[in-house]
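Note sheet for the following structure.
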Amino acid sequence: MNDRLVHERMYRGPKVLKAMESLRVAICGAGAVGSNLVDNMARQGFKKMVVIDMDRIEAHNIPTQTWTRREIGQYKATMLQRAVFESSETMVDAVLKKLETGNVKKMLSDATLVVDGFDNSESRRIVADHCRQAKKDCLHVGLAKDYAEVIWNERYRVPRDVVGLDVCEYPMARNTIILAVGVATETIVRYVATGRKHNYVITLGDFKIEEIA
C-alpha cells in the first residue's frame, strides 16, 4: 500500500483530510513548538505550510526539538524543510527572516491560519496584534516548565518574559512539549473539520488536559 496517509484517511475521512491538505498555515518559530508541530502536521496530511525562523540550531536544542547533531549550525527552518520533505514528501516554505512590525503583514499575507510558537513576548505580541487587526485566525502555543497552553487569539494574553533569564535557560520537560504539540495539532484538525475553536491548558505534574470553557 503506497498511501502514506492511509491511517489518517481511515480515521478522519477523505473530506477532512482534503480540508487539511488545502489549509494554508504559517508557523511562527521552528523551536520546541514549531519543529515538532510542523513534523506532526506534515505526517498527518497538512501540505501548505510556511515556517518563519531566522535562528540556527545549537546543541542544547536537540533534546527538545527535532534536530540531529549533524545539523548543529544550520538554519532551523531550512533543516525542517528538508526533514519534512524526506518524511512526508511535503514541501514546506522556509522564511529565514525575523518577523517584525514592518514585515508581518507581508509574511503572513497568504496564511489562512497562523500558529504562534515564538519563545518571546515581543514576537508573540506582533503576531497577536496583526492577526486581530487583519481578522486572521491565530492559535498560540506556549510552554513553561511543566505547563502549556493552546489558546486562540480571541482569548490570548501575551505573557511577560522572565526578566534576567535567557530563554535557553528556561526549565522545560520534553513531555510537556509533546503533549502540547499533540493537543495543538488536534485543535487545528478540529478547527478544519468543524470551524470550532477550542482552548486548552496542559499540566504535566498532574497529567491533565483541560479545556477552557
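Looking at Gln74, Gln65, just one residue is within 13 Å of the chain's Cα centre (by Cα) and farther than 22 Å from Leu23 by Cα, and that residue is Gln65. Could you run through the stretch 173-197 and say how many residues are in a helix (DSSP H, G or I) and free of Cβ contacts under 8 Å to residues at least 40 places away in the same chain? So the answer is 7.
Taking the listed residues Glu122, Glu154, the one that is under 23 Å from Glu58 (Cβ atoms) and over 12 Å from the mean Cα position of the chain (by Cα) is Glu122, with no other qualifying. If I filter the stretch 91-104 for residues that are among the β-branched types (Val, Ile, Thr), buried (at least 21 other Cβ atoms within 10 Å of the Cβ) and within 22 Å of Ser22 (Cβ to Cβ), do I get at least one hit? Yes - at least one qualifying residue is present in the stretch 91-104.
All of the numbers you see were taken from the coordinates with simple rules; none came from a lab. Fair warning: this is a prediction, and the values are worked out from it, not measured in the lab. Note that each Cβ is placed from the backbone with ideal geometry, even for glycine, and that neighbours are counted across all protein chains shown.
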